[in-house]
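Any read-out appearing in this document is the output of simple, stated calculations on the displayed coordinates, not a laboratory observation. In this text, all values refer to a predicted model and were calculated from it rather than measured experimentally. Reconstructed Cβ throughout: ideal geometry from the backbone, glycine too, with neighbour counts over all protein chains shown.
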Amino acid sequence: MFKNKYSNILAIFVLSIIGIFTVVLPWINYPTLDLIVYGKEGDGWLISMVFGVSMIISGIAFFRKKTSIHFITRILIGFLSISILSLCIYKIINFHQEVDAFVTDSPIMGYAGSGASLSYGLYVIIVISALTALLCMMQSYFSTFKNILKLIGFTAIVIIVCLFGNKLSYLIGAPEKQDQVINLKSSFDDMSTALVEKTPSKFVEHIHPILYESVGGKTKLAAMMADMYATIEIEKAEIVDIPTFIQKGNNVQALVYQKFTFLNNSVSTTTSNLTIAFSYDAGKKWVFAGTENKPFEEMREVLPEIFDELKY
């Protein structure tokens, strides 16, 4: 069945048909918004059109079965496949560069973009375009059963790598749990120092954006904090325990038991509270949301993203 030089063209024809439908695959995940961006909302239509051209060219070459057409077909489709492959690799590299360099003055935009990650759509396109380009380089790779098995093996390896590619994208360069905890404590210390030194503008930088947006923004919350602690001195704040620490992708959350020592009219008072810590970049930067003795269900109404495992 496969012992002719047009078997590669048939395989390319089939891969091109599959490539056309990659437009419906997910490309980017925004976990904080529970949002998935599909290929059809970006450059997916362009890639599908290129695969469509590849399907037409390979279909004509297969059914006409002329050597001259076969040769030209492999050159044209090889060029198109490498173009798609290069575009996808560029998009993946560019995505990670933009995520690493993402800075915004808008708290909501910062919250929305936090934890963004690539889905499997682009990786599937890379597999298809790489296989198509490989087949274009071969005169007749399906000429023997052994070669067929090699191609299947190559495909399996690329698929496995691509399936884990998204997971590896945040694991590479992500801090270990010990370092994540150190970063959490460092962020907490910065927040505590802001309270002790009565610099609420710095304090709100460590608060979950949904919380300060709910009261009118950073400036409004900072003003409220300044009024609240006008006559109260905070001697120190410290973390007592971190009993629960959960990571899912780039998102890391932790339960943090903290203790504050207040001085009001020369009277020292110590209070304990439970805070939920959030990180959207695999534990590098942290923001906090105090529970203020609210039950877990009530906190989930304000912050639906809270992991079930953090139930207290």
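Residue separation of PHE79 and LEU303 scaled by 0.36 nm, minus their Cα-Cα distance, works out to 75.8 nm of gained length.
With 32 Å as the limit on Cα-Cα distance, the pairs of LYS91/LYS284; LYS40/LYS220; LYS91/LYS177; LYS66/LYS91 that go past it are LYS40/LYS220; LYS66/LYS91. As a rough guide to protection, the peptides 226-236, 287-297 ranked by mean Cβ packing within 10 Å, highest first, stand as 287-297, 226-236.
Just tell me which aspartates and glutamates come within less than 14 Å, Cα to Cα, of LYS202; anything on the same chain fewer than 8 places away is out. The qualifying aspartates and glutamates are ASP189, ASP190. The local environment of ILE182, defined by Cβ-Cβ distances under 14 Å, has a net charge of 0 under the rule Lys, Arg +1 and Asp, Glu -1. In order along segment 24-29, the phi-based Karplus estimate (6.51 cos²θ - 1.76 cosθ + 1.60, θ = phi - 60°) of 3J(HN,Hα) comes to 8, 7, x, 10, 9, 10 Hz; Gly and Pro are listed as x. Residues in segment 202-211 carry Karplus couplings, in order, of 7, 4, 5, 5, 9, 9, 4, x, 5, 5 Hz; the curve used is 6.51 cos²θ - 1.76 cosθ + 1.60 with θ = phi - 60°, and Gly or Pro positions show x. Stretched out straight at 0.36 nm per residue, the stretch from ARG64 to VAL14 would grow longer than its current Cα-Cα span by 16.3 nm.
Each peptide in 75-85, 121-131 was scored by the mean count of other Cβ atoms within 10 Å over its residues; highest first, the order is 121-131, 75-85.
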